[in-house]
Each structure stands twice: as structure tokens, then as C-alpha cells.
Amino acid sequence: MKNKPYVLLSCAMSIDGKIATYTGDTEFSDGEDWKLVHKLRTEYDAIMVGKNTILKDDPKLHIKFYEPTKLIRVIVDSSFSIPLTSKVLSYKLETYPTIIAITDHALKPKMEKAKLRNIRFINTGSGKQVNLKKLMEELYKHGIKKILLEGGGSLNWSMIKNCLVDEIRIFIAPIIVGGKNAVSLVDGLGVKRIVEGFKFNLQNVLKRDNYVVLHYLKA
Ligand SMILES: NC(=O)c1ccc[n+]([C@@H]2O[C@H](COP(=O)([O-])OP(=O)(O)OC[C@H]3O[C@@H](n4cnc5c(N)ncnc54)[C@H](OP(=O)(O)O)[C@@H]3O)[C@@H](O)[C@H]2O)c1
């Protein structure tokens with residue numbers, strides 16, 4: 001697909017590929033990695049997450065430790081169901097403008113309230129969920145050339161399935177958390193056979209103390 005932003009999927013996970021415990025705990029990064037993640041945020045035009053990540057963590061999706069640069073927050077939320085009290089709908093909107101990617105099913109009166117705070121919306125049509133290819137085209141037209149995708153597992157799957165992820169950075173913490181209901185790096189339906197899997201080439205392996213950082217590029 002041409003005219004789409006470059007997408008880096010970044011996440012911190014356990015040895016067993018979980019990005020949260022079954023209760024929703026996500027503190028896999030150590031201090032040093034957390035700083036690197038914030039450095040990465042200074043290098044991207046936008047940061048994108050799925051609506052469950054907002055509902056579960058209520059993150060600010062901002063820049064800490066470094067001089068803040070303009071970083072657009074993109075939230076993928078078909079029916080605009082995140083509460084108006086979410087931090088991404090109020091915290092430092094001048095530095096971190098927020099765009100909600102929705103479908104026709106989004107609640108109009110709530111949208112009007114959010115628009116009063118300068119929250120912007122991109123409607124990708126009548127589908128059940130956000131059409132991510134269309135979203136990428138629209139974001140590119142808005143001048144967004146590089147996106148940091150920070151999960152969760154469902155959005156990661158949809159982005160990979162649509163061949164929209166160019167690069168992956170995985171921080172692996174030396175811990176196993178288990179849990180068949182714990183969110184994995186990539187969830188969704190998955191593929192039937194390994195041969196149908198989405199291929200990436202290993203670019204770099206970084207070992208630090210007990211931690212590993214893996215870098216892959218789309219094959
Ligand atoms: N360790 C890490 O690095 C890390 C990073 C991020 C998140 N997390 C964790 O991941 C968990 C959340 O992951 P999750 O998989 O439950 O949810 P998610 O990926 O954050 O959000 C998924 C939701 O996004 C909406 N969506 C709209 N269009 C979509 C599309 N085309 N494809 C996929 N989703 C679409 C759907 O809700 P609608 O249909 O209602 O729109 C869907 O349920 C949280 O516990 C969070 O803490 C961990």
C-alpha cells in the first residue's frame with residue numbers, strides 16, 4: 001500500500017509473549033527501557049493504541065524524560081466508547097492532539113462534546129470496526145508519516161493482518177506470567193497454518209543484563 005505512514009510496533013512483553021497479565025498488569029519494562037520508549041515517542045509523528053488499552057490503563061500517551069515534541073495520539077475506537085474523563089481526551093491537548101478513529105456507529109452527542117475540546121475524528125465508514133487501511137490513508141493526508149503502534153494485542157493483529165506494520169521492536173522481560181486470558185503481543189483470530197503467517201526479518205538483537213530487545217523489519 002502506497003501513501004501510508006511508516007509503522008513501528010513497539011511493546012514490552014514476558015518470555016511467554018504476554019503484554020499484560022490476566023488482571024491487566026503491564027509493568028514489563030525496566031526504567032531504562034521505559035526511557036527508550038519515551039525517546040522513541042520523540043521521533044514519531046503519532047502514537048496509536050486500541051480503545052481497550054485506554055479503558056484498562058488510562059495512559060496519557062505523552063513524552064517524559066525528554067523535551068516534549070508534538071505527538072498526535074490516535075485512538076482506534078469504532079463507537080467512541082472511551083469515557084470523556086480519559087486522560088487522552090484532556091491531558092495537554094495542545095502538545096498531544098488527539099484523533100479518534102471511528103465508524104458510522106459512533107455516538108454523535110458525545111462526539112460534539114469532545115469536539116468542543118478540539119478532539120478530532122476520522123470516520124472510516126459503515127464497517128463494524130475501524131477500517132485501518134482507510135485510517136492509514138487519512139492519517140497520511142493529515143501529514144502523519146511515522147506512527148508508533150503501542151498495542152494492544154487485538155489492534156496489533158489487525159494492523160499486521162492488513163500488512164500495515166513495517167517494523168517491530170520487542171522488549172522481553174525475563175519473566176513468565178502465563179494465563180490463557182492474558183493479552184498476547186498479537187491476538188485476534190490468527191492464521192490457520194504457519195505458511196500463512198506474516199513474515200519479518202530479524203535486524204538486531206540487543207542484550208542488556210537479563211533483558212533482550214529484538215528488532216524486526218517486514219520481509
Ligand atoms: N505491554 C505493552 O507493551 C502493552 C502495550 C499496549 C497495551 N497493552 C495491554 O493490552 C491490553 C489491551 O489489549 P486488547 O487486545 O484487549 O485491546 P486493544 O488492542 O487495546 O483494543 C482493541 C479494541 O480496539 C477497537 N478496534 C476498532 N477497530 C479495530 C480494528 N480494526 N482492529 C482491532 N481493534 C479495533 C475494538 O473495539 P471496538 O470494536 O469497540 O471499536 C477492539 O476491541 C491492555 O491490558 C493493555 O494494558 C500492553
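Residue under question is LYS110, and the condition is that it be farther than 22 Å from ILE63 by Cα, among the basic types (Lys, Arg) and either within 17 Å of the chain's Cα centre (by Cα) or in a loop (DSSP other than H, G, I, E, B) (or both); does it hold? Write out each step before concluding.
Details: farther than 22 Å from ILE63 by Cα: yes; among the basic types (Lys, Arg): yes; either within 17 Å of the chain's Cα centre (by Cα) or in a loop (DSSP other than H, G, I, E, B) (or both): no.
When the stated conditions are applied, LYS110 does not pass them.
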(request) Scan the stretch 76-130 residue by residue and report those that are β-branched (Val, Ile, Thr) and in contact with a helix residue (DSSP H, G or I) (Cβ under 9 Å, 6 or more places away or on another chain). (result) VAL76, ILE82, VAL88, THR98, ILE99, ILE100, ILE102, ILE119, ILE122, THR124, VAL130
(message) Any residue in the stretch 184-195 that is farther than 20 Å from THR21 by Cβ and aliphatic (A, V, I, L, M) sitting within a Cβ distance under 9 Å of a residue that is away from the ligand (no atom under 11 Å from the Cβ) and in a loop (DSSP other than H, G, I, E, B)? List the pairs, counting only those 6 or more apart or interchain.
(response) VAL191/GLY197; VAL191/PHE198
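Kindly indicate whether SER154 is within 14 Å of the ligand (Cβ to nearest atom) and assigned to a helix (DSSP H, G or I). If you could, list the steps in order and put the result at the bottom.
Details: within 14 Å of the ligand (Cβ to nearest atom): yes; assigned to a helix (DSSP H, G or I): yes.
In short, yes.
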(message) Can you confirm whether LEU61 is more than 9 Å from the ligand (Cβ to nearest atom), part of a loop (DSSP other than H, G, I, E, B) and either closer than 26 Å to SER126 by Cα or at pLDDT 95 or above (or both)?
(response) yes
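Would you check if GLY178 is small (Gly, Ala, Ser), over 17 Å from the mean Cα position of the chain (by Cα), closer than 24 Å to MET48 by Cα and part of a loop (DSSP other than H, G, I, E, B)? It would help to see each step written out before you state the result.
Numbers: small (Gly, Ala, Ser): yes; over 17 Å from the mean Cα position of the chain (by Cα): yes; closer than 24 Å to MET48 by Cα: no; part of a loop (DSSP other than H, G, I, E, B): yes.
Against the criterion (small (Gly, Ala, Ser), over 17 Å from the mean Cα position of the chain (by Cα), closer than 24 Å to MET48 by Cα and part of a loop (DSSP other than H, G, I, E, B)), GLY178 does not qualify.
Among the listed residues TYR96, TYR91, which satisfies the condition of being closer than 30 Å to THR21 by Cβ, at pLDDT 95 or above and buried (at least 21 other Cβ atoms within 10 Å of the Cβ)? Give the derivation first.
Values: TYR91 fails: buried (at least 21 other Cβ atoms within 10 Å of the Cβ).
None of the other options fit; the residue is TYR96.
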(request) Find the residue count for the stretch 126-149, including only residues that are buried (at least 16 other Cβ atoms within 10 Å of the Cβ), in a loop (DSSP other than H, G, I, E, B) and touching a strand residue (DSSP E or B) at 6+ places or on another chain (Cβ under 7 Å). (result) 2
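When you check THR53 against the structure, is it within 23 Å of SER10 (Cβ to Cβ) and surrounded by fewer than 15 Cβ atoms within 10 Å (Cβ to Cβ), yes or no? Even if it seems obvious, please write down each step before you answer.
On the way: within 23 Å of SER10 (Cβ to Cβ): yes; surrounded by fewer than 15 Cβ atoms within 10 Å (Cβ to Cβ): no.
No; evaluated as a whole, the condition is false for this residue.
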(message) So, TYR44, is that one among the aromatic types (Phe, Trp, Tyr) and touching a Leu at 6+ places or on another chain (Cβ under 6 Å) or not?
(response) yes
(message) Of everything in the stretch 22-58, what is within 24 Å of GLU138 (Cα to Cα) and not in a loop (DSSP other than H, G, I, E, B)? Give them in sequence order.
(response) LEU40, ARG41, THR42, ALA46, ILE47, MET48, VAL49, GLY50, LYS51, ASN52, THR53, ILE54
(request) State which residue is farthest from LYS92 (Cα to Cα) when the search covers only the stretch 64-74 and only residues that are among the charged types (D, E, K, R) and away from the ligand (no atom under 16 Å from the Cβ). (result) GLU67
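Looking at this structure, is SER10 surrounded by fewer than 19 Cβ atoms within 10 Å (Cβ to Cβ), within 8 Å of the ligand (Cβ to nearest atom) and not in a helix (DSSP H, G or I)? I'd like the intermediate steps shown before the answer.
Numbers: surrounded by fewer than 19 Cβ atoms within 10 Å (Cβ to Cβ): no; within 8 Å of the ligand (Cβ to nearest atom): yes; not in a helix (DSSP H, G or I): yes.
No.
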(request) Scan the stretch 29-52 and report the pairs whose first residue is modelled with pLDDT under 95 and whose second residue is within 12 Å of the ligand (Cβ to nearest atom) and part of a helix (DSSP H, G or I), with Cβ atoms within less than 8 Å and a gap of 6+ or a chain change. (result) SER29/VAL37
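The values are calculated or read from the model by the stated rules, or taken from the named source; none is laboratory data. The structure displayed is predicted, hence computed values, not measured ones. Neighbour counts are summed over all protein chains in view; Cβ atoms, including those assigned to glycine, are modelled from backbone coordinates with ideal geometry.
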